[in-house]
Amino acid sequence: HEVILADSTSVNLFKLAMAALQYQAGRNRIITDDLNFPSDVYILQRVAQLAGDTHLLSLISSPDGIHGPVEQLRDQLDEQTALLTLSHTVFKSGYTYDMAYLTAEAHQRGALVLWDLSHSVGALPVDLNAAHVDLAVGCSYKYLNGGPGAPAFLYIREDLQEMLENPISGWMGQHKMFNFDLQYQPEAGLRKFLSGTPPVLSMSLIEPGLDLLMEAGMQAVRHKSLLQTNYLIGLWQEWLEPLGYTLNSPRQPEQRGSHVSLGHVEGLRIDKALIDAYQVVPDFRAPDNIRLGFAPLYTTFEEIYRAALALKEIVELGVYLNYSDQPPEVT
Ligand SMILES: Cc1ncc(COP(=O)(O)O)c(C=O)c1O
């Protein structure tokens, strides 16, 4: 009764951020950081505009592009802050915030908190109730196994549900929708945060994906994920650091999600060689991040070993020189 599948992460973020600002009338500030997913920032920029002239978005900078600016975020929270919104695990470095700590700090100053869980849900245990989180969104197509185009979800803490209004007041959230009344009257509870018709086929794939995770158990998934990210970092230190690779993810295990980014001045060409010559599929995230994601349910240690060996060979043998440094459309 606190989580509902709907729309995309972007649309859900828009709905919850708008609802939060409306509820927090009199406060005019949204705070986020520059590690957040750019699409989230685009949406927040627009939300701030739509909320009125006096609203502003503060983008707090990470000290090193890897770690979250925790102290700065805490110090920026003030009585004008309506909303603090962050990616729980950030998309480039995989830095993972202490959700309970920042949520409590925001609450002390009367701000609501909205977490984007896209890179943490299904990768590590996330206890929204224990952290007293107000709002959250996330996708189901990464660690939740939903498959491409699977719908996203949103979370609203139970006691906030009556107070918040959906800015996209569609028929799926209408009380007795098949009466087709012309006057919008929101359904009770979380259902009013539905807007339009859901992608039914994609939705039907979510449950089997979740069943796999529940059978494995999130503690076991996290345990394996940390062993795997530690393993790659160990191989990086031994083989890759001497070849110019940098670790662009936190060293502290509790600050990591389930992906590790390695940097290299030839990152893009290395990334292309990995895919083409070694059938290892990372992402490239500018300026130099080769992002390796570990899905503990099915990623094996041998695959990690092979990926690290490939990264070593690509530089040692100059395999990357066979590839252009022009970015493709999709990285
Ligand atoms: C952290 C994060 N937030 C938001 C999005 C946007 O999701 P969607 O395209 O489903 O709106 C993504 C997409 O990858 C993401 O990684």
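The values are calculated or read from the model by the stated rules, or taken from the named source; none is laboratory data. Computed from a prediction, not measured in an experiment: that's the story for all the values here. Virtual Cβ from ideal backbone geometry, glycine too; neighbours counted across all protein chains shown. Keep in mind that these areas ignore ligands, DNA and RNA; they rest on the heavy atoms of the full protein, side chains included. Shrake-Rupley method; radii C 1.70, N 1.55, O 1.52, S 1.80 Å.
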What tally of residues in segment 296-325 results from selecting those that are in a loop (DSSP other than H, G, I, E, B) and either touching a residue at least 12 places away in the same chain (Cβ under 8 Å) or assigned by TED's automatic domain parsing to the domain that holds PRO125 (or both)?
6
Are there any pairs with C-beta distances below 6 angstrom linking a residue in segment 234-260 that is farther than 17 Å from SER93 by Cβ to a residue that is hydrophobic (A, V, I, L, M, F, W, C), with the two at least 6 apart or on different chains, and if so which?
LEU235/ALA308; LEU243/VAL315
Give segment 169-201 a look and list any residue that's over 30 Å from ALA130 (Cβ atoms) and touching a residue at least 12 places away in the same chain (Cβ under 8 Å), or say none.
SER169, GLY170, TRP171, MET172, GLN174, HIS175, TYR184, GLY196, THR197, PRO199
Return yes when SER225 is part of a helix (DSSP H, G or I) and at pLDDT 95 or above and no when it is not.
yes
Quick check: is even one residue across segment 202-210 without any contact (Cβ under 8 Å) to a residue 60 or more places away in the chain and β-branched (Val, Ile, Thr)?
no
Identity of the residue in segment 39-58, open to solvent by 50 Å² or more (accessible area, probe 1.4 Å) and closer than 26 Å to TYR95 by Cβ, that ends up farthest from the ligand (Cβ to nearest atom)
LEU56
For segment 5-38, what are the residues that are more than 14 Å from the ligand (Cβ to nearest atom) and crowded, with 20+ Cβ neighbours inside 10 Å?
MET18, ALA19, ALA20, LEU21, ARG27, ARG29, ILE30, ILE31
Test set (1) over 24 Å from LEU112 (Cβ atoms); (2) open to solvent by 50 Å² or more (accessible area, probe 1.4 Å); (3) part of a loop (DSSP other than H, G, I, E, B) - TYR231 fails condition number
(3)
Scan segment 109-122 residue by residue and report those that are in contact with a helix residue (DSSP H, G or I) (Cβ under 6 Å, 6 or more places away or on another chain) and either farther than 16 Å from LEU16 by Cβ or open to solvent by 20 Å² or more (accessible area, probe 1.4 Å) (or both).
GLY122
Can you tell me how many residues within segment 123-152 are away from the ligand (no atom under 13 Å from the Cβ) and either part of a loop (DSSP other than H, G, I, E, B) or farther than 23 Å from HIS223 by Cα (or both)?
12
Out of (1) more than 15 Å from the ligand (Cβ to nearest atom); (2) in contact with a His (Cβ under 8 Å, 6 or more places away or on another chain), the one TYR95 does not meet is (1)
In this structure, does LEU73 turn out to be more than 16 Å from the ligand (Cβ to nearest atom), of a type outside the set (Asp, Glu), open to solvent by less than 10 Å² (accessible area, probe 1.4 Å) and touching a residue at least 12 places away in the same chain (Cβ under 8 Å)?
yes
